[in-house]
Every structure is written in structure tokens, then in C-alpha cells.
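Undergrad: Got a structure here, written out as C-alpha cells. Questions coming.
The values are calculated or read from the model by the stated rules, or taken from the named source; none is laboratory data. This structure is a prediction, so every number in the text was calculated from the model and none was measured. Glycine also receives a Cβ, built like all others from the backbone with ideal geometry; neighbour counts cover every protein chain displayed. What goes into the accessible areas is simple: the full protein's heavy atoms, side chains included, and nothing from ligands, DNA or RNA. Shrake-Rupley method; radii C 1.70, N 1.55, O 1.52, S 1.80 Å.
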Amino acid sequence: LDEIEALGGMSANEITVVISNEDKAFYFNNIESPVSQHLKRNRKIEPWLGAELEPGLIEWHTLGTFWSHNWNVPVGKLTATVVGFDTIGLLGTTLFDKHHVQIDKSIGELIEYVLNDAKRTLSFIEYSIDNELYEVIIPYAWFAASNHAAALRKISECYPMHIYCDRYGK
């Protein structure tokens, strides 16, 4: 068999953050806590990683922008945990059920079609599409019911491109 190489691709990332909960601030039922009522999905997470260059001098680097998805705050434990997805990963949690046949649309238009539909649920989504993708016309396109990430993956397989999130969630 000949090797078959996929034309395009897509990457999604996730992060797990463990937070000290010694003061019980993250308990959902702690009405005195300023954060307990904010432990919800789709809250922005911007983790940073520090590297000590010399004693007392730390250089910080962003790990990207993620969105909270699952919180785990066990009673009696000293930590709370949240799993976050980048924007592409988050699109894997939303329903895309637009079944209209698209005729003579560019790849850029098809990506916009999917992302604009996702914005109905996730209004904070921002994106940037390379202008070259508006020059590549697809004669017919149809999407089966799935999630928005699966629809984008299907588009990415049509052309040598890569769909990803930058460090700012775009």
C-alpha cells in the first residue's frame, strides 16, 4: 500500500490546573467565598510558566488561553482541580447541526460558517482566517451532525492547512 498523507490537520490542547483550597474558597457552597459562585464552564484560564534565569529574576511565559470545562472540588481535600480546553478543544463540546448543502463556497467561507454558528453558544470566540483560503473553492460541502471541532476537522482535510489556536485563544 502506498502511504497516504492527510492534506491538513487540526490541533486542540487542554490543561489541568490544581489549585490550593486550604482556605476552602473553592467549595461550591461557601457563600462567603468571592470565587465559589464563579466555578463555571467557559471561564477564561491564562496559565503562565516561570523560569528563574538567576536568583530573584523570573522570566514568565504564557502557556496560552484556555476555557474552564470541568471543576472538581472534593469536600475535605486541600486542592481544587479544573480542566480547561483551548478554543478548538472547546468547540468539541458544542453541537453543530447545520445540514444545508453548501455550493461553490471557499474554504474560508466554510470555516466562517462553522465558527459563526459556534458563536451562538460561545460568543467570545475570535478567529483569523488566512486570505488564501478564500481563493480555494469547494464545489459541494455538507456536514453531518457532530460538534464544531469535527466540522472544522473535515474542512481541514480538504487542503494543506492547519487549524489551531494561538496563545491568545484566537
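Undergrad: I'd like to know which of ALA145, LEU115, GLN102 lies farthest towards the positive end of the charge dipole of the chain, counting +1 on Cβ of Lys and Arg and -1 on Cβ of Asp and Glu.
TA: The residue sitting most towards the positive pole is ALA145.
Undergrad: Additional query: Classify the stretch 95-166: rounded, prolate or oblate, from the alpha-carbon gyration tensor (a ≥ b ≥ c, eigenvalue square roots; a/c under 1.5 rounded; otherwise prolate if a/b is larger than b/c)?
TA: Judged from the Cα gyration tensor, the stretch 95-166 comes out oblate (a/c at least 1.5, b/c at or above a/b).
Undergrad: Working with all protein chains in place, sort VAL136, VAL18 by solvent-accessible area computed with a 1.4 Å probe, largest first.
TA: Output order, biggest surface exposure first: VAL18, VAL136.
Undergrad: Taking all protein chains in place and a 1.4 Å probe, what share, in percent, of the accessible surface of the stretch 23-99 do carbon and sulfur account for?
TA: Ligands and nucleic acids excluded, carbon and sulfur give 56 percent.
Undergrad: Moving on to the next point. Subtracting the Cα-Cα distance from 0.36 nm times the residue separation, let me have the gained length for TYR159 to ILE138 in nm, one decimal.
TA: Result: 6.6 nm gained on full extension.
Undergrad: Once you mark the GluC sites (Glu not before Pro) that are in a DSSP loop and have at most 16 other Cβ atoms within 10 Å, what is the longest gap between them in the chain?
TA: Value returned for the longest uninterrupted segment is 33-125.
Undergrad: Would you grab the residues whose amide H sits under 5 Å from the one on ALA12? Only those 5+ places off in sequence or on another chain, please, with H modelled 1.01 Å from N.
TA: So ALA12 has HN proximity to no qualifying residue.
Undergrad: What is the set of long-range amide H partners of ILE138 at a cut-off below 5 Å, with H atoms built 1.01 Å from backbone N?
TA: Excluding prolines and chain starts, which carry no amide H, the hits are LYS105, SER106, ILE107.
Undergrad: Right, next: Compute the accessible area per residue over the chain, keeping the other protein chains in place, probe 1.4 Å, unit Å².
TA: On a per-residue basis, 64 Å².
Undergrad: Output ³J(HN,Hα) for the stretch 88-95: one whole-Hz value per residue in order, computed from phi by the Karplus curve 6.51 cos²θ - 1.76 cosθ + 1.60 with θ = phi - 60°, and x for Gly and Pro.
TA: Once θ is set to phi - 60°, the couplings for the stretch 88-95 become 5, x, 5, 5, x, 9, 10, 7 Hz.
Undergrad: Once you've got the Cα coordinates, tell me which of LYS44/LYS119; LYS24/LYS44; LYS77/LYS170; LYS24/LYS119; LYS44/LYS154 are over 25 Å apart.
TA: LYS77/LYS170; LYS24/LYS119; LYS44/LYS154
Undergrad: How would ARG153, ARG120, ARG41 line up by accessible area, probe 1.4 Å, largest first?
TA: Order by accessible area, largest first: ARG120, ARG41, ARG153.
Undergrad: Further question on the same structure: Which sequence of TYR27, TYR113, TYR164 reflects their accessible areas, 1.4 Å probe, from the largest down?
TA: Sorted by accessible area, descending: TYR164, TYR113, TYR27.
Undergrad: Mind checking the full-extension length gain between THR16 and THR94? Use 0.36 nm per residue of separation minus the Cα-Cα distance, one decimal, nm.
TA: Taking 0.36 nm per residue and subtracting the Cα distance, the gain is 26.1 nm.
Undergrad: Dipole size in debye (nearest 20) for the stretch 39-170 around its Cα centre, Lys and Arg Cβ +1, Asp and Glu Cβ -1?
TA: Using only the charged Cβ atoms, the result is roughly 800 debye.
Undergrad: In deg cm²/dmol and to the nearest 500, what is the mean residue ellipticity at 222 nm of the chain if only DSSP H runs of at least 4 residues count, each as -39500 (n - 2.57), divided by the residue total?
TA: For the chain, the value works out to -4000 deg cm²/dmol.
Undergrad: So, one more: So how much accessible area does LYS105 have, in Å² to the nearest 10, using a 1.4 Å probe?
TA: Per-residue accessible area (LYS105): approximately 70 Å².
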